[in-house]
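**Student:** Here you go, one structure.
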Amino acid sequence: MEKTLIAWTDATFNPWMGCTKVSEGCRNCYALTLTKNRMGLDLWGNAPRQVTKAPWENVRKWNTKAASEGNLWRVFCASLCDIFEDHPVANETRPKVFELMKKNSWLHFQVLTKRPERIANNLPDNWGDSGYPNVWLGTSIEDMQVAERADLLRKIPAVLRFISYEPALGSLTDLDLSGIDWVIYGGESGPGHRPEDKQWARDMWKKCTDSGAAFFHKQSAGHRTEMGIELDGDLIRQFPTPREYDFSIPFRSLGSGMIVSSRV
């Protein structure tokens, strides 16, 4: 999907749809609501997964467009599944996803998982000592109960590692950010959203500043996404710079008013 409400990316690519809930951050899963209520599909838990068709071709089109523009695109993979899930469809399709990523170098894929313990054994053989130059690896951490995900992530070679602190459900002041390049903060959105303490965002902003990680304040908790995007009156939306990045090639602009910073 080229047009997306996710503020920290240019487009979203879902190689398949469906997943299984693994922690409290999954309780009000927007992807489940979208696929079940709007698409009429039962794809969660033990149900079958549905491999997509059009999104794969979209990736190729986006790569061609990005190359013609001379701008790299950020592509979130995946918003409606977890490519590291241990499921027959995921295990069969995952290698094809990495092949697609490798071939479309004008796109930087932001791979987000709640299963970082499965990353190491499910990377392609040609991943190398630093990973693909256009693949960012991230994990979701909603509170300190799943903070070990960061420890698992930092062990994996990657040009960029990031944490999605969304939905923010507790303080992460004790989280170790060493080896982490970017933190995306977001309060929970949608009906039944759980409350947040804005001090969590303030503390994470400071931790990122102290550690040299980029910080992206996506939103406060609310009934819909992109509510309360400012933190104490400031729009703080920084983007990291991958290691081994060619600075002669710009990233596609994500809009005005955003604070974009390189790695410190």
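**Student:** Which whole-number percent of Cα pairs in the stretch 115-264 have a distance greater than 23 Å? Can you show the working numbers first?
**Tutor:** Working: 4236 of 11175 pairs.
Above the 23 Å cut-off, the stretch 115-264 has 38 percent of its Cα pairs.
**Student:** Enumerate the calculated ³J(HN,Hα) couplings along the stretch 50-55 in order (Karplus 6.51 cos²θ - 1.76 cosθ + 1.60, θ = phi - 60°), each rounded to whole Hz, writing x wherever the residue is Gly or Pro.
**Tutor:** 10, 6, 8, 10, 4, x
**Student:** Before I look further, what does the stretch 130-200 give for accessible area per residue, probe 1.4 Å, in whole square angstrom? Let's see the in-between values first.
**Tutor:** On the way: 2250 Å² over 71 residues.
Ligands and nucleic acids excluded, the result is 32 Å² per residue.
**Student:** May I ask you to give the percent of accessible area on the stretch 1-53 that is carbon plus sulfur, with a probe radius of 1.4 Å?
**Tutor:** Values: 1650 of 2990 Å².
Looking at the stretch 1-53 in its full context, I get 55 percent from C and S.
**Student:** I want to verify a result. In a Gaussian network model of the chain, Cα cutoff 10 Å, which of these has the top mean-square fluctuation: V97, V51, V22?
**Tutor:** Judging by the Gaussian network model, the answer is V22.
**Student:** At a 10 angstrom cut-off on C-beta neighbours, averaged per residue, how do the peptides 101-109, 77-85, 196-204 rank from highest to lowest?
**Tutor:** Details: 101-109: 20.1, 77-85: 23.4, 196-204: 17.2.
Order by mean packing, descending: 77-85, 101-109, 196-204.
**Student:** Which one of V22, F247, Y185 is farthest out on the positive end of the charge dipole of the chain, using unit charges on Cβ (Lys, Arg +1; Asp, Glu -1) and the Cα centre as origin?
**Tutor:** Most positive-ward Cα: F247.
**Student:** Consider all pairwise Cα distances in the chain and report the whole-number % of them above 32 Å.
**Tutor:** Working: 5688 of 34716 pairs.
Cα-Cα pairs of the chain separated by over 32 Å account for 16 percent.
**Student:** Tell me, what HN-Hα J-couplings in whole Hz come from the Karplus equation 6.51 cos²θ - 1.76 cosθ + 1.60 at θ = phi - 60° for each residue of the stretch 209-222, using x for Gly and Pro?
**Tutor:** Each residue of the stretch 209-222 in turn: 4, 5, 8, x, 7, 6, 10, 10, 8, 7, 5, 8, 5, x Hz.
**Student:** With label points built 7 Å along Cα→Cβ from the Cα atoms of N28 and E69, find their separation and express it in nm.
**Tutor:** Roughly 3.2 nm, to one decimal.
**Student:** Something else now. Relative contact order (percent) for the stretch 1-154, with alpha-carbon contacts under 8 angstrom and 6 or more residues of separation?
**Tutor:** On the way: 225 pairs, mean separation 35.9, N = 154.
Once normalised by length, the contact order is 23 percent.
**Student:** Quick one: Karplus J couplings for the stretch 59-70, per residue in order, coefficients 6.51, -1.76, 1.60, θ = phi - 60°, nearest Hz, x for Gly and Pro?
**Tutor:** Computed from phi, the couplings for the stretch 59-70 are 4, 5, 5, 4, 4, 5, 5, 4, 5, 5, 7, x Hz.
**Student:** How much area per residue is accessible in the stretch 1-128 when the probe is 1.4 Å and only protein heavy atoms are counted (Å²)? Walk me through the numbers on the way to the answer.
**Tutor:** On the way: 6100 Å² over 128 residues.
Counting only protein heavy atoms, the per-residue value for the stretch 1-128 is 48 Å².
**Student:** Let me ask another. Magnitude of the Cβ-charge dipole of the chain, K/R +1 and D/E -1, about the Cα centre, nearest 20 debye?
**Tutor:** Numbers: 33 positive and 33 negative charges, 157 e Å.
Dipole of the chain, to the nearest 20 debye: 760 debye.
The values are calculated or read from the model by the stated rules, or taken from the named source; none is laboratory data. These numbers come from a predicted model, not from an experiment. Virtual Cβ from ideal backbone geometry, glycine too; neighbours counted across all protein chains shown. Just the protein is used for accessible areas: all its heavy atoms, side chains included, with ligands, DNA and RNA removed. Shrake-Rupley method; radii C 1.70, N 1.55, O 1.52, S 1.80 Å.
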